[in-house]
1. Using square roots of five times the C-alpha gyration tensor eigenvalues, list the equivalent-ellipsoid semi-axes of region 211-264 in whole Å, biggest first.
2. If we restrict to alpha carbons, what Rg and Dmax does region 297-431 come to, in Å?
3. Per residue, what volume in Å³ does the Cα convex hull of region 147-234 take up?
4. Anything in the chain that counts as a DSSP H helix reaching 27 Å or more along its axis (C-alpha) with Kyte-Doolittle mean of at least 1.6? List them, would you?
5. Trp178 accessible area, nearest 10 Å², 1.4 Å probe?
6. Go ahead and run the numbers for FRET between Ala22 and Ala402, Cβ-Cβ distance against an R0 of 30 Å, rounding to 0.05.
7. Describe numerically, in nm with one decimal, the distance between label points set 7 Å from Cα along Cα→Cβ at Ala301 and at Leu100.
8. Could you give the spread of the C-alpha atoms of region 304-357 along their three principal axes, from largest to smallest, in whole angstroms?
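The values are calculated or read from the model by the stated rules, or taken from the named source; none is laboratory data. Only a predicted model underlies this, so the values are computations on that prediction, with no experimental measurement involved. When we count neighbours, we look across all protein chains shown, and the Cβ atoms used for this are built from the backbone with ideal geometry, even at glycine. Side chains included, ligands, DNA and RNA excluded: accessible areas come from the protein's heavy atoms. Shrake-Rupley method; radii C 1.70, N 1.55, O 1.52, S 1.80 Å.
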Amino acid sequence: MQIGAIARLSAPGLALAAFQTAVSIADTHFVGRLGTEPLAGLALVFPLVMLLQMTSAGAMGGGVSSAIARARGGGHEAAARRLVAHALVIALVAGLAFTLVFLLLGRPLYALLGGKSGALAQAIAYSDVLFGGAALVWLANIFASSLRGGGSTAIPAAALAVAATIQIPLSGALTLGWGPFPALGIRGAALAYAASFGIAAVMMGACLWAGALRPRPGDWQLEWRLFREILRVGALSSISALQTVAAAIILTGCVGTFGTAALAGYGVGVRLELLQVPIVFAIGQALVILVGTHVGAGQTAHARRIAWTGTFAAVAVCLVIGAIAALAPALWIGLFSNDPAVHEAGALYLRVVAPFYPLFGAGMALYFAAQGAGRIGLPILAGTARLVVVAVGGLLVVWSGAPLAWLFAVIAGGMTLFGGLAAAGVHRTRW
């Protein structure tokens with residue numbers, strides 16, 4: 001019964017993950033056609049794109065889904081509608097904040113991460129366009145989270161899949177100049193990214209307004225109490241997202257000291273790691289809904305069984321991906337670059353880190369389950385421990401002049417700690 005419920009709710013998200021995987025592969029392939037410097041520029045910006053996605057979809061989006069699911073599980077439909085209104089206000093404010101911060105601070109940040117000359121110029125070109133559309137990303141992901149909190153995972157998955165289907169050819173056309181389209185280079189990939197989320201936001205907004213969660217005129221009266229209901233999970237979850245991205249930023253800076261080719265190879269390798277995020281996210285969003293609904297109804301024992309069942313499913317998926325990547329890294333790296341130095345760095349990363357993907361998946365799945373229960377303190381501390389290990393270990397590797405493989409071993413150690421502590425935290429926390 002638990003597996004069936006998780007499978008039913010996660011199936012649309014897993015289908016969407018296939019589309020998102022195709023988008024990520026296609027974007028990296030198109031940018032890789034431009035050369036090693038654009039590929040390195042993409043790697044510099046990638047941690048901040050992660051931050052945009054993780055805060056809007058997984059963190060604050062999880063807070064929105066959890067709050068709405070708990071309200072509906074307790075039979076409070078009016079409260080659920082009012083939470084949607086408050087969530088949209090958060091989306092607009094946060095989206096504009098992302099635009100302002102990264103337009104102002106992008107250049108010094110990418111330079112700090114090791115971006116030089118051509119790679120730095122490519123990073124800025126990509127970042128300015130993409131973060132110019134940050135509000136579209138926030139609106140799309142908050143609309144999706146509201147619909148998921150109301151029990152619908154199919155509509156968000158379908159809308160985002162349609163947007164992804166448009167994004168792939170649009171990215172190729174704008175990046176490489178297919179047919180009548182201008183060759184915008186790396187800016188084209190960023191423009192296609194923002195446009196696809198704008199399309200998804202319009203589609204999901206229309207579906208939300210046609211359903212039971214559409215806010216009524218009186219629902220727009222803003223109250224701090226309802227913001228707090230979302231933020232008590234969403235804001236804490238954003239801390240977790242910030243920790244994850246801080247770890248990625250530190251590692252990107254450390255890898256940058258080994259040269260542009262190493263940075264490009266690392267960017268290609270780490271992209272496979274992060275392609276597992278939408279897969280585990282699909283399972284995780286099912287856990288947010290099911291755990292939140294059962295906790296709201298007072299059925300905490302059932303909620304825990306659902307959480308562990310979903311976690312084992314995520315571990316199994318990540319185990320398969322990690323095994324293939326570690327045994328045959330060229331299957332992945334060869335999709336994006338013909339540079340031997342890029343191949344060498346990317347393959348090294350996958351051989352060292354990919355076997356530990358299951359622990360990464362376990363930590364993420366348990367984090368989403370804890371979101372549903374509204375008890376995310378210890379899973380966040382697991383992320384803090386990972387950040388400390390990565391930061392201290394990565395800097396020690398650079399300062400000591402150790403080889404690149406040691407830096408990748410630090411990443412693997414951080415994953416191990418993250419998964420283990422998240423499991424211990426969920427086991428010990430009372431729901």
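1. 42, 14, 7
2. Rg, Dmax (Cα atoms, Å): 17.3, 57.
3. On the way: hull volume 12.2 nm³, N = 88.
It comes to 139 Å³ per residue, whole-number rounded.
4. Working: long enough: 2-32 (43 Å, 0.95); 77-112 (49 Å, 1.57); 154-176 (33 Å, 1.65); 186-209 (35 Å, 1.48); 224-256 (45 Å, 1.14); 260-296 (51 Å, 1.42); 300-327 (41 Å, 1.40); 377-400 (34 Å, 1.83); 404-428 (37 Å, 1.40).
Qualifying helices: 154-176, 377-400.
5. 110
6. Details: r = 37 Å, r/R0 = 1.22.
So the FRET efficiency works out to roughly 0.25.
7. Spacing of the two 7 Å Cα→Cβ label points: 5.1 nm.
8. Taking max minus min along each principal axis of the Cα atoms, region 304-357 gives 48, 18, 14 Å.
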